[in-house]
Amino acid sequence: MFKRGILNPDLLALLARVRHTNTLVIADRGFPFWPQVETVDISLADDIPTVRQVLEALRENFVIGAAWMAEEFFGENGKPVQREYAKLLSPVKIVFEPHVEFKRRVPQAIGLIRTGDTTQYGNIILESA
């Protein structure tokens, strides 16, 4: 039995399939469903867990090479939230692009983790290094 780190067996199985340059989406509660992308839904309630909490848990064993977010994130979230995302991803720089372009990347992902997050445009795509 695992004593620390990620405990969810479905999430662990998904993460085990992510290889070099593969991508993984961490999304909020309202993110659209793609039938062709495996989705592990760990949402429980509003903001439980958040994208940032999942990202923090992943950092222990997931080497991030690149990250993408929607540029609309800036218009909907203040500086403290923006700094928190940047800190969690440091030293990786986040590439911001229009939400429509961001969504075009989703079908190529190995999987999607759905959270209970309510942060507007707080979804992120991670590329494994």
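Assorted remarks:
- Meets criteria (closer than 14 Å to residue 109 by Cβ, part of a helix (DSSP H, G or I) and of a type outside the set (Lys, Arg)) for residue 14: yes
- Conditions (1) under 19 Å from residue 14 (Cβ atoms); (2) part of a helix (DSSP H, G or I): number failed by residue 86: (1)
- Qualifying residue in the range 61-73 (condition: out of contact with any helix residue (DSSP H, G or I) (no Cβ under 8 Å at 6 or more places or on another chain), over 26 Å from residue 16 (Cβ atoms) and either crowded, with 16+ Cβ neighbours inside 10 Å or at pLDDT below 95 (or both)): no
- The one condition in (1) surrounded by 15 or more Cβ atoms within 10 Å (Cβ to Cβ); (2) polar (S, T, N, Q); (3) within 15 Å of the chain's Cα centre (by Cα) that residue 77 fails to fulfil: (3)
- Verdict on residue 45 being buried (at least 18 other Cβ atoms within 10 Å of the Cβ) and in contact (Cβ under 8 Å) with a residue 40 or more places away in the chain: no
- Filter pass, residue 62 being free of Cβ contacts under 8 Å to residues at least 40 places away in the same chain, among the aromatic types (Phe, Trp, Tyr) and either closer than 15 Å to residue 117 by Cβ or outside any helix (DSSP H, G or I) (or both): no
- The set of residues in the range 17-52 being under 18 Å from residue 69 (Cα atoms) and either small (Gly, Ala, Ser) or outside any loop (DSSP other than H, G, I, E, B) (or both) consists of 23, 24, 25, 26, 27, 30, 51, 52.
The values are calculated or read from the model by the stated rules, or taken from the named source; none is laboratory data. Predicted model only: the values in this text are computed from it and were never measured. We place every Cβ from the backbone using ideal geometry, glycine too, and count neighbours over all the protein chains shown.
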